[in-house]
Amino acid sequence: MTRRFKMLIFIMVMLLITACGMVVVWAQHDDEEPVTILGTWTAKQAEQFETLLHGFGIPFRYQGTAAQRDVLLSKVQSGEPPDIVIMPGLGELAEYADQKLLKPLNRLYEPQEYGAPWKPTGSPSEHVYWVPVKADLKSIVWYRQGHKPAHRPAPLRSWCIGMGDDGASGWPGTDWIEDLVLQREGPDVYEQWALGTGEVKWWRSDPVHTAWEAWADLLRQDKNAAENALLTDHRGDPDDNGLLFDGRGGCTLEHQGSFALSFYRNDAQHADLMDSAPLLPEGGSRVRAHEVTGDFAALFSDRPQARELIRRLASKEGQQRWAGLADVFSANGQVNPEKPQDDAVEHKIALRLREGPRCLDASDVMAPAVRDTFYEAVLLTIARVATDQDLDIPGLLQDVQRMQDAQSAQGVDNRAAPKTVCSKR
């Protein structure tokens, strides 16, 4: 806020006090204030993002936090949301949009540049409230170069698993369940489950129940390893290069998205990947599709500077510059990926992000209340296995189903929610 602007506000307040003994406060932005951005990227990823933004010539202030959902909710409730939020939770963004807290992005970017499943569905006249500004691949397993695993299910002790997260503990476990449903049943069943439509339910549904049982059987192989998974952060210790290269208990495999490269830091050059399907519990599955996730930008403000920053960030040129940075992949189909060696992990990720059926992370598109109950059920599963308690999987799934049914019974307005989850090819 400029000195002149502050002085003007002070004079207005003093005049009001003198005139009528009361003060009326208006919430307003100074046009010279930086655009405020809240995202999940920290450390190296935050530095890369800020490098990109500096090139746009628009003053900004970026805050990165792993506890983004709680931070955003606090800011919204206090009446001071950021101008821009960048987050993977489409279900959460849909709720903000339905509460009329988000501003439409129509005409700020070209939706046709983003193919399925990134491109919003609906009629051209419908509002668009988010745009993917970074993409990541899931349905993959990381291993150390030169130690490629056999194409068969791996025992629990081989897996580097951590459930901990600053703001959403348990989500790495949901990735296992989601991948099992996707590889066993295919995109159509997976999409019905993720959206809560059709006959595929949480409770009394073979696709979900059998996938959960298979994962629980893996955990039952070693109660100590299950306990370690519950107590371990998914990023590893801050001073180490991620779980895979920390080698906790001799683990050699990690079921993790392409963003794991940022956790591996200096050892990222020694990491390689393969499709997860043959290594999952009970194995034998062919690759039916790849699960993907994105970081989606949305507007809480109509400030011209914020709108312009979104426009530049989502443009072909902005995404091309963003993808030129290490460990960054774009969902924009007009962006030409860098051309590393064919066997480089970046090349493998870029190909899988563009080819074959792709499905958005199921928990990301679920309503927040359903998603959080999903996280809780995952954590309870591991805790009960680790402590040798009775594991009532139907009961856990029934709890999630009740939450989903409660959302429907309350008539929650979800007009902005995604209508599709998977691409058709």
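At a glance:
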item: Number of the condition not met by L231 [criteria: (1) within 21 Å of the chain's Cα centre (by Cα); (2) surrounded by fewer than 17 Cβ atoms within 10 Å (Cβ to Cβ)]; result: (1)
item: For H151: the one exception among (1) over 28 Å from R286 (Cβ atoms); (2) out of contact with any strand residue (DSSP E or B) (no Cβ under 8 Å at 6 or more places or on another chain); (3) surrounded by fewer than 19 Cβ atoms within 10 Å (Cβ to Cβ); result: (1)
item: Evaluation of P337 against (1) within 17 Å of L137 (Cα to Cα); (2) not assigned by TED's automatic domain parsing to the domain that holds A94 (one fails), failing number; result: (2)
item: Residues of the stretch 279-301 that turn out to be within 16 Å of W215 (Cβ to Cβ) and touching a strand residue (DSSP E or B) at 6+ places or on another chain (Cβ under 9 Å), as a count; result: 3
item: Residue check for A350: buried (at least 19 other Cβ atoms within 10 Å of the Cβ), more than 30 Å from L397 (Cβ to Cβ) and in contact with a Gly (Cβ under 7 Å, 6 or more places away or on another chain); result: no
item: Residue within the stretch 188-207 that is in contact with a helix residue (DSSP H, G or I) (Cβ under 7 Å, 6 or more places away or on another chain), at pLDDT 95 or above and over 24 Å from A417 (Cβ atoms) present; result: no
item: Any chance I177 is on the phi < 0 side of the Ramachandran plot, in contact (Cβ under 8 Å) with a residue 24 or more places away in the chain, out of contact with any strand residue (DSSP E or B) (no Cβ under 7 Å at 6 or more places or on another chain) and not in a helix (DSSP H, G or I); result: no
item: For A150: the one exception among (1) touching a helix residue (DSSP H, G or I) at 6+ places or on another chain (Cβ under 6 Å); (2) free of Cβ contacts under 8 Å to residues at least 12 places away in the same chain; result: (1)
item: Residue check for T293: surrounded by fewer than 20 Cβ atoms within 10 Å (Cβ to Cβ) and within 26 Å of I382 (Cα to Cα); result: no
item: Matching residues, the stretch 229-246, being in contact (Cβ under 8 Å) with a residue 24 or more places away in the chain and either assigned to a loop (DSSP other than H, G, I, E, B) or more than 28 Å from I349 (Cα to Cα) (or both); result: L230, L231, T232, H234, R235, G236, N241
item: Hits in the stretch 196-213 (condition: buried (at least 19 other Cβ atoms within 10 Å of the Cβ) and in a helix (DSSP H, G or I)); result: P207, V208, A211, W212
item: Every residue from the stretch 341-361 that is basic (K, R) and at pLDDT below 90; result: R354
item: The stretch 410-425, residues that are at pLDDT 75 or above and surrounded by fewer than 17 Cβ atoms within 10 Å (Cβ to Cβ); result: K419, K424
item: Any chance R384 is at pLDDT below 95 and either within 17 Å of the chain's Cα centre (by Cα) or not in a loop (DSSP other than H, G, I, E, B) (or both); result: no
item: So F245, is it buried (at least 20 other Cβ atoms within 10 Å of the Cβ), of a type in the set (A, V, I, L, M, F, W, C) and under 30 Å from W130 (Cβ atoms); result: no
item: Members of the stretch 387-402 that are within 13 Å of E213 (Cα to Cα) and within 22 Å of the chain's Cα centre (by Cα); result: none
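Yes or no, residue by residue, for (1) in the same structural domain as P155 (by TED's automatic domain parsing); (2) in contact with a Leu (Cβ under 6 Å, 6 or more places away or on another chain); (3) at negative phi:
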site: D267; (1), (2), (3): yes, no, yes
site: E282; (1), (2), (3): yes, no, no
site: F296; (1), (2), (3): no, no, yes
site: D302; (1), (2), (3): no, no, yes
site: K316; (1), (2), (3): no, no, yes
site: G324; (1), (2), (3): no, no, yes
site: D372; (1), (2), (3): yes, no, yes
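Conditions (1) at pLDDT 95 or above; (2) in contact with a Ser or Thr (Cβ under 9 Å, 6 or more places away or on another chain), marked per residue:
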site	(1), (2)
S301	yes, yes
A306	yes, yes
R311	yes, no
V328	no, no
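Yes/no per residue for (1) of a type in the set (S, T, Y); (2) closer than 28 Å to R354 by Cα; (3) modelled with pLDDT under 95; (4) part of a helix (DSSP H, G or I):
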position	(1), (2), (3), (4)
L53	no, yes, no, yes
I58	no, no, no, no
A66	no, yes, yes, no
L72	no, no, no, yes
L101	no, no, no, no
Q112	no, yes, yes, yes
W118	no, yes, yes, no
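The values are calculated or read from the model by the stated rules, or taken from the named source; none is laboratory data. Bear in mind the structure is a predicted one, so any value in this text is a computation, not a measurement. Every residue, glycine among them, receives a Cβ derived from its backbone with ideal geometry; neighbour counts consider all protein chains shown.
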